[in-house]
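Q: Quick one: structure below, then a few questions.
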């Protein structure tokens with residue numbers, strides 16, 4: 001509990017200090033930047049420590065990091081003292097949106113603190129990797145964390161998210177085993193508050209009074225983004241209560257749900273523990289009879305699933321920072337580029353570039369999204385104003401990209417990737433699966449999109465706008481056409497059911513966007529349409545092609561593009577719901593009642609998942625990640641961790657048995673001390689299938705299993721390994737005679753022979 005309060009106070013202090021410092025930049029937005037002050041401040045602190053440490057100017061020690069934090073506070077106090085009257089006036093005039101934004105943050109923080117408190121385990125899926133990278137980032141002082149699972153080399157992965165929360169761990173003095181879970185508390189809280197603020201801004205939140213409908217739709221946007229699930233959860237309710245025939249479930253065809261439950265279970269939620277995991281594995285093709293092994297295995301995670309699962313992965317960490325970038329891009333869209341632009345404008349442009357680099361560094365999959373957003377903003381500027389100076393426009397875009405490149409350059413210098421270009425998708429998403437995943441958000445967004453398209457008068461330049469819209473929408477189809485022919489399966493779902501409707505929505509939205517911008521200028525409405533168009537693109541792309549990787553399928557592309565699309569559609573859906581409920585969209589009364597009833601029912605079904613899944617998953621009660629039922633370390637193992645942290649440096653390395661998706665790498669993942677190799681399949685993905693990975697794995701097996709002292713010593717010297725760990729995994733895998741040789745190779749520095757032990761190799 002104390003850790004949770006300390007963490008909250010730290011985030012609040014960072015946020016308020018940042019709000020005071022950047023107050024002058026965001027003068028045109030109702031909340032004056034308050035909603036993004038927390039993620040923006042966290043980015044500033046983390047980026048400063050990273051750049052200075054990687055440049056070998058100031059090492060990122062605990063003391064140095066705390067001094068940076070103190071420096072942030074001092075700067076805010078100086079600026080706040082100078083501009084105290086302005087600050088008071090801003091708070092007085094905008095206290096409604098500021099207070100509601102803060103309330104959204106606090107309530108979301110409390111909810112997810114309770115969830116993580118009751119389910120703090122760091123023992124499954126990608127959690128060991130995430131925890132290992134967090135520990136490596138928190139302990140490093142050189143800017144490039146050493147890879148805890150590849151001794152002698154740095155992390156070959158976009159690690160800035162781990163660096164961010166490792167920085168906060170240093171400042172707060174909270175151990176990483178707790179900050180891992182606390183990070184999964186503050187991320188949804190910052191996401192919810194940013195979504196609330198952005199939606200309320202689009203809906204013209206009044207600073208003079210509380211507009212119930214505006215507030216309700218803004219709150220709903222936060223709920224949809226952070227708490228809503230897809231429709232799979234409610235289908236599980238149908239299934240456990242024997243609703244639906246065998247043909248119905250074969251038609252739905254979700255892995256693990258191909259058949260109805262024979263024995264009816266009178267329960268409001270499934271009793272099978274892992275049922276909630278299926279909500280992220282909906283899209284697959286099992287053949288026309290829905291049997292056998294799936295051919296199109298994909299991942300369709302959404303925010304609440306990720307928070308409940310507890311993977312501190314880049315796609316999760318990046319969300320509030322992506323929203324910060326969108327917020328800055330929105331503010332830039334409000335600048336009049338025909339007038340003389342002052343220092344504050346160019347500072348904000350530079351800030352947009354810095355955020356572009358940081359967001360890309362957290363998750364490289366968001367780089368093209370951010371590029372599309374900032375390019376769209378300035379492109380719409382150009383479309384809405386023929387008097388715009390093209391030199392000024394070019395300078396703005398160039399500065400954004402230049403600052404982003406400068407931030408990323410030290411990282412990209414040593415980055416390795418297994419990306420193998422683009423490939424055509426072999427299978428497409430069925431209409432049923434597409435609706436299960438996207439139905440709740442699309443049914444909210446469609447009324448505003450379609451009605452505005454229908455009601456917008458045809459402009460004199462309609463041929464020009466239609467041509468551009470067709471050209472833009474055709475880009476992903478042209479990319480698919482240009483990719484060399486590959487084996488395409490014709491037996492799966494056709495493009496007519498899902499890909500074509502998404503394409504049509506994208507065309508309608510883009511055409512309406514261009515028409516509105518040309519007629520009315522760059523308005524909030526046109527910006528929402530641009531967000532919807534981008535969302536449709538993100539959904540459409542995995543239907544046509546994917547980024548090639550070691551998996552050889554579209555799994556990662558679906559995974560990484562669907563996630564931001566969910567966030568963007570939450571804004572669009574709530575914006576559309578406002579206009580529908582406010583009466584700005586006026587279909588026939590009968591049609592409106594029917595549509596409202598159906599949409600409301602679907603939304604309620606989507607909100608079944610969070611409480612049902614949460615009740616299933618919750619089990620333990622401690623914010624420490626060591627407090628979990630199945631893999632709780634013993635007192636002796638915890639003592640081994642303490643010894644390793646205090647006596648083994650990051651450069652010395654430690655030998656541990658190799659595994660994948662298991663309990664291997666105990667010391668390395670909990671301390672950041674690199675072992676020779678672990679999770680070879682993942683390392684192969686990160687290091688472009690380097691054959692040295694599997695050679696290392698074979699050598700580790702040889703060191704542990706051989707009874708030849710000379711051979712073991714030679715291999716240890718080859719990789720400059722200074723310590724050997726013998727834990728439960730090693731004791732179960734190898735014989736006492738095989739492990740006994742380590743007494744002759746070095747000195748027992750922790751534990752006992754035949755039990756958990758650490759040996760230091762004699763050189």
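Every number here is computed from the coordinates shown, using simple stated rules; none is lab data. Remember, predicted model here, so these are calculated numbers, not experimental data. So basically every Cβ, Gly included, is an ideal-geometry build from the backbone, and we count neighbours across all protein chains shown.
Q: For labels at residue 99 and residue 646 in the simple 7 Å Cα→Cβ model, what's the distance in nm?
A: 5.1
Q: Based on the mean of other Cβ atoms within 10 Å per residue, sort peptides 543-554, 313-324, 137-148 so the most packed one is first.
A: 313-324, 137-148, 543-554
Q: Just report the Cα centroid separation between segment 531-610 and segment 652-668, whole Å.
A: Spelled out, the Cα-based centre of one part sits 41 Å from the other.
Q: Using only the Cα atoms of segment 154-263, construct the convex hull and provide its projected area averaged over every direction, in square nanometres to one decimal.
A: About 13.2 nm², averaged over all directions.
Q: Follow-up question, since we're still on this one. Contour minus end-to-end for residue 255 and residue 615, with contour as 0.36 nm per residue of separation and end-to-end as the Cα-Cα distance? Display every interim value, and only then the final one.
A: Working: separation 360, 0.36 × 360 = 129.60 nm, distance 2.20 nm.
That works out to 127.4 nm of additional length.
Q: With angles folded into 0 to 90 degrees, how steeply does helix 37-54 sit against the dominant principal axis of the chain? Use alpha carbons for both and round to 10.
A: With rounding to tens, the tilt is 40 degrees.
Q: Same structure, new question: Using the Kirkwood radius over Cα pairs, work out the Stokes-Einstein diffusion coefficient for the chain at 37 °C and 0.692 mPa s, in µm²/s as a whole number.
A: Calculated translational D: 119 µm²/s.
Q: On the Cα set of segment 430-586, report Rg and Dmax in Å, please.
A: Cα radius of gyration and Dmax of segment 430-586 are 16.5, 51 Å respectively.
Q: With everything on Cα atoms, drop me the angle between helix 692-705 and the longest principal axis of the chain, reported from 0 to 90° to the nearest 10.
A: 30
Q: When ranked by the protection proxy of mean other Cβ atoms within 10 Å per residue, highest first, what sequence do the peptides 685-692, 166-173 form?
A: So the order, starting with the most tightly packed, is 166-173, 685-692.
Q: Separation of segment 672-695 and segment 16-85 by C-alpha centroid, Å?
A: Going from one Cα centre to the other spans 37 Å.
Q: What Kirkwood hydrodynamic radius, in Å, does segment 658-763 give when the mean of 1/r is taken over all pairs of distinct Cα atoms and then inverted?
A: 14.2
Q: Hey, could you get me the Stokes-Einstein D for segment 1-156, Kirkwood radius over alpha-carbon pairs, 4 °C and 1.567 mPa s, rounded to whole µm² s⁻¹?
A: D = 72 µm²/s.
Q: Right, something else. Could you give the distance between the Cα centres of segment 304-360 and segment 399-478, to the whole Å?
A: Each part's Cα centre sits 18 Å from the other's.
Q: Binning at 10 angstrom from zero up to the longest distance, how are the C-alpha pair distances of segment 201-323 distributed in percent?
A: 11, 31, 28, 19, 9, 2, 0
Q: Highest first, please rank the peptides 192-205, 24-37 by the mean number of other Cβ atoms sitting within 10 Å of their residues.
A: So the peptides 192-205, 24-37, ranked by packing, come out 192-205, 24-37.
Q: Does anyone have the angle between helix 319-333 and the longest principal axis of the chain? Alpha-carbon axes, 0 to 90°, nearest 10?
A: With both axes taken from Cα atoms, the answer is about 30 degrees.
Q: Then there is this: Under a crude label model (7 Å from the Cα following the beta-carbon direction), how far is residue 242 from residue 24 in nanometres?
A: Computed distance between label sites residue 242 and residue 24 equals 7.3 nm.
Q: Given R₀ = 35 Å, FRET efficiency for residue 720-residue 66 by Cβ-Cβ distance, to 0.05?
A: Numbers: r = 33 Å, r/R0 = 0.93.
My answer for the efficiency is 0.60.
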